[in-house]
Amino acid sequence: MKALPQPLAVYALTSAGAAQARRLVPALPQATLFLPQGLAGRQAGEEPFQRLAEALATNFAHYGGHVVFAAAGIVVRALAPLLRHKTSDPAVVVVDQAGRFAVSLLSGHLGGANALARLVAEALGGQAVITTATDSAGLPSLEMLAGELGLGVENLAALAPVSMALLEGRPPVVHDPQGWLWPVLERRWPGLFARVTADQACAQQDQPLIWVGWRCLEPPPGWLVLRPPALLVGLGCNRGASAEEMEALLRRVLAEEVLAPACLAGLASVQAKSDEAGLLELAARLGLTLKFYSPEELAQVEVPNPSPTVAKHMGVASVCEAAALLAAQSRRLLVSKQKSSNVTLAVALASPPANSTS
């Protein structure tokens, strides 16, 4: 979910459309202009094509968004065989050749076409045409809001019943004990949602509900599960420990403690391990940031399981627990030190950022 897709491809079919497209491209970040061979100026960096359908087919998966100056019917027919799923299809905006209307055609929320249509309309002095139901009714788009706040949507199918409740004037209930989402809902749309406790939520399993949390659960069909970036993992290891061993310990701990892998927000260790191949590989595999702290920084953190052996070899009594707490900027350790043959691991819980209440 993103506010504006990147990179962008812009297309036109006629000379009038090309003129509008040339006006637009400078206003779009990372945009490439594709024009028919007779209109494209290679010296200006414009890419030629013979048929629009072929150009779209070639570029479709390689660009986050496509802006097409053409009739909507032409674009729909060209796109039909390319569509896969709303979670993966790029954004598509169709613009008339006079630049008066920018229509969000495909992937309005998840792909960012609504935001792109608004930007195109602003650049051309036209009107964005947004047809998604919540936008038309002036209601929040929960998937866009989740993306804005860094929350992952675990079960997209549950968006429909929650959005339908909003459209029908039935306030969806929200379980968000840490406050990753609720403060924003309460500030921007007061009275539109109702907050509930875990017990109250479990008593409403047949109702649309937004569950924000880091515990694994099997949600009822109408529950939308949002995953906050709340889990920070501290790691210590012997020299040469493999990424496989680290990941196996992490997966075991997550399963035993019923922690959602989608809530992993980062890894951390001591500075002396900054060249440890296994750590670097694990971070790359998981797509997580990896932070390193000096022994002096780690020594300032009070932990439940300091180790004389670790202090002897690393110059500090705790690596995994202290690193997890520092990375989370927290005092709450969800999982104290766990061990495998060559790895130690701890998990700390981060709090919502201060700007989550904006």
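Tell me, Leu185, Leu226 in order of fewest to most beta-carbon neighbours within 10 Å?
Ranking Leu185, Leu226 by Cβ neighbours within 10 Å, fewest first, gives Leu185, Leu226.
Consider a paramagnetic label point 7 Å from the Cα of Gln6 along Cα→Cβ; state which residues of segment 21-37 have an amide N under 11 Å from it.
Inside the label zone: 29-31.
Sort segment 8-131 into rounded, prolate or oblate with this rule: let a ≥ b ≥ c be the square roots of the eigenvalues of the Cα gyration tensor; rounded if a/c is under 1.5, and if a/c is not under 1.5, prolate when a/b is larger than b/c, oblate otherwise.
oblate
For a label point 7 Å from the Cα of Thr58 along Cα→C-beta, name the residues of segment 18-41 whose backbone N is under 15 Å from it.
The answer is 32-41.
As I understand it, the value is the acute angle between the Cα axis of helix 113-124 and the longest principal axis of the Cα atoms of the chain; what does it come to in degrees, rounded to 10?
Roughly 50 degrees, rounded to the nearest 10.
Provide the FRET efficiency to the nearest 0.05 for the Arg251-Ala194 pair, computing r from the beta carbons and using R0 = 41 Å.
So, using R0 = 41 Å, E works out to roughly 0.70.
Provide the gained length on full extension for the span Asn342 to Ser294, in nm with one decimal, where the gain is 0.36 nm per separating residue minus the Cα-Cα distance. Mind dumping the intermediate values first?
Values: separation 48, 0.36 × 48 = 17.28 nm, distance 2.09 nm.
Between Asn342 and Ser294, full extension yields an extra 15.2 nm.
For the pair Arg187 and Leu217, what calculated FRET efficiency results from E = 1/(1 + (r/R0)^6), where r is the Cβ-Cβ distance and R0 = 25 Å, to the nearest 0.05?
The pair Leu217/Arg187 has a calculated efficiency of 0.40.
Counting only other residues whose beta carbon sits under 14 Å from that of Gln205, what net charge do I get with K and R as +1, D and E as -1?
In short, -3.
Each residue of segment 339-351 in order: what ³J(HN,Hα) in whole Hz does its phi give by Karplus 6.51 cos²θ - 1.76 cosθ + 1.60, θ = phi - 60°, with x for Gly and Pro?
For segment 339-351, the Karplus-derived couplings read 10, 10, 4, 10, 9, 10, 8, 9, 10, 10, 9, 8, 9 Hz, x marking Gly and Pro.
Quick check on the chain: helices-only [θ] at 222 nm, where DSSP H runs of length 4 and up contribute -39,500 (n - 2.57) each and the sum goes over total residues. Nearest 500, please.
Calculated from helices alone, the mean residue ellipticity at 222 nm is -9000 deg cm²/dmol.
Give, in nm to one decimal, the length gained when the segment between Thr132 and Leu156 is fully stretched (0.36 nm per residue of separation minus the Cα-Cα distance).
That pair, Thr132 and Leu156, stretches by 7.1 nm at full extension.
Under 13 Å from the Cβ of Val316, count the other residues' Cβ atoms, weight Lys and Arg +1, Asp and Glu -1, and hand me the total.
Details: positive: Lys273, Lys312; negative: Glu296, Glu297, Glu302, Glu321.
Overall, the nearby charge balance is -2.
For a paramagnetic label modelled at 7 Å from the Cα of Ser88 toward its Cβ, which residues of segment 40-75 fall within the zone defined by backbone nitrogen distances under 20 Å?
Residues 56-66 qualify, since their backbone N sits under 20 Å from the label point.
How would segment 231-349 be classified by its alpha-carbon gyration tensor: rounded, prolate or oblate, with rounded meaning a/c under 1.5 and the a/b versus b/c comparison settling the rest? Don't skip to the end; give the middle numbers.
Values: a/c = 1.44, a/b = 1.17, b/c = 1.23.
Rounded, since a/c falls under 1.5.
Once you order the gyration tensor axes a ≥ b ≥ c over the Cα atoms, which shape class does segment 233-272 get: rounded for a/c under 1.5, otherwise prolate or oblate by comparing a/b with b/c? Each step should come with its number before you reach the end.
Details: a/c = 2.67, a/b = 1.56, b/c = 1.72.
In terms of gyration-tensor shape, oblate.
Which percent of Cα-Cα pairs in segment 215-292 sits in each 10 Å bin, short to long?
17, 48, 24, 8, 2
For the chain, take the longest principal axis of its alpha carbons; what is the angle in degrees between that and the long axis of helix 15-24, to the nearest 10 within 0 to 90?
The angle comes out near 30 degrees.
Between Ala71 and Arg170, what's the calculated FRET efficiency when r is the beta-carbon distance and R0 is 35 Å? Round to 0.05.
0.35
Each value in this text was obtained by applying a stated rule to the coordinates, not by laboratory testing. If you're wondering where the values come from, they're calculated on a predicted model, not measured in any experiment. Note that we place each Cβ from the backbone using ideal geometry, even for glycine, and neighbour counts take in every protein chain shown.
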